[in-house]
Amino acid sequence: MARKLEAPTLLDLGGPVPGCRVLDLGCGKGVGSRILREDFQAARVDSLDLDPSMVQGGRTRARAAVVGDACALPIADESYDAVFALQVLHHIEDWQSALKEIRRVLRPGGRLYGSETLVGLLQHPILGAWMDHPEENRFTERDLLDGLESAAFRLGKTRRVGKWFLWFVADRPATRISDSRC
Ligand SMILES: C[S@@+](CC[C@H](N)C(=O)[O-])C[C@H]1O[C@@H](n2cnc3c(N)ncnc32)[C@H](O)[C@@H]1O
């Protein structure tokens with residue numbers, strides 16, 4: 001996560017998560033995990049990535065990093081107050097399955113924070129050639145918002161940069177009033 005762009009944008013859209021247990025999904029080298037503790041005030045950050053070399057390389061920043069697949073998370077139901085998926089879904093061909101898994105591990109009332117690269121950039125005739133991503137099942141803003149709705153999220157605020165980037169927050173609806181806070 002970029003401290004000067006993504007963190008302020010997502011803080012503005014979804015607010016901090018003081019006292020919360022959060023998952024940094026697709027944590028990479030763990031830069032975002034540290035920002036979640038420092039800027040978002042998360043009480044506990046667990047970090048997960050498909051790539052073992054990322055998890056090992058990021059251990060110093062992501063304290064509790066594990067290897068795992070976003071489409072089959074090795075995590076119990078309703079484990080987290082918030083999940084951060086930062087520049088991850090566009091790396092996953094079956095991103096709709098990942099959304100269902102994220103919803104499953106969020107507690108009712110929990111929040112997904114996302115930042116994504118849209119098909120408009122991934123398939124850009126010049127810039128897209130430099131990037132290495134799955135080519136099937138890419139998404140526009142509309143596709144992603146529809147996917148969130150299909151996975152039974154309630155969409156919150158969003159911010160978009162042209163057809164290239166989208167930031168969003170989306171909640172797993174609370175079932176009881178007492179579910180709505182960390
Ligand atoms: C562009 S990096 C983003 C890293 C970090 N979130 C950040 O913002 O700096 C995308 C990460 O997603 C991970 N990833 C790709 N597919 C995944 C999957 N199915 N499950 C978990 N992580 C995945 C990659 O290994 C990579 O570390």
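In table form, for the structure just shown:
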item: Odd one out for residue 50 among (1) at pLDDT 95 or above; (2) closer than 17 Å to residue 20 by Cα; (3) surrounded by fewer than 23 Cβ atoms within 10 Å (Cβ to Cβ); (4) not acidic (Asp, Glu); result: (2)
item: Given (1) hydrophobic (A, V, I, L, M, F, W, C); (2) over 30 Å from residue 163 (Cβ atoms); (3) at pLDDT 95 or above; (4) surrounded by fewer than 23 Cβ atoms within 10 Å (Cβ to Cβ), number of the condition residue 42 does not satisfy; result: (4)
item: Number of the condition not met by residue 54 [criteria: (1) within 11 Å of the ligand (Cβ to nearest atom); (2) more than 19 Å from residue 153 (Cβ to Cβ); (3) touching a residue at least 40 places away in the same chain (Cβ under 8 Å)]; result: (3)
item: Test set (1) on the phi > 0 side of the Ramachandran plot; (2) outside any strand (DSSP E or B) - residue 103 fails condition number; result: (1)
item: Output for region 60-77, where each listed residue is away from the ligand (no atom under 12 Å from the Cβ), at pLDDT below 95 and not in a strand (DSSP E or B); result: 60, 63
item: Verdict on residue 75 being within 15 Å of the chain's Cα centre (by Cα), farther than 15 Å from residue 167 by Cα and surrounded by fewer than 24 Cβ atoms within 10 Å (Cβ to Cβ); result: no
item: Condition met for residue 86 (within 11 Å of the ligand (Cβ to nearest atom), buried (at least 20 other Cβ atoms within 10 Å of the Cβ) and at pLDDT 90 or above); result: yes
item: Region 23-45: number of residues that are within 13 Å of the ligand (Cβ to nearest atom) and closer than 19 Å to residue 111 by Cα; result: 11
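The values are calculated or read from the model by the stated rules, or taken from the named source; none is laboratory data. Please read all numbers here as calculations on a predicted model, not as lab measurements. Ideal geometry is used to build each Cβ from the backbone, glycine not excepted, and the neighbour counts take in all protein chains shown.
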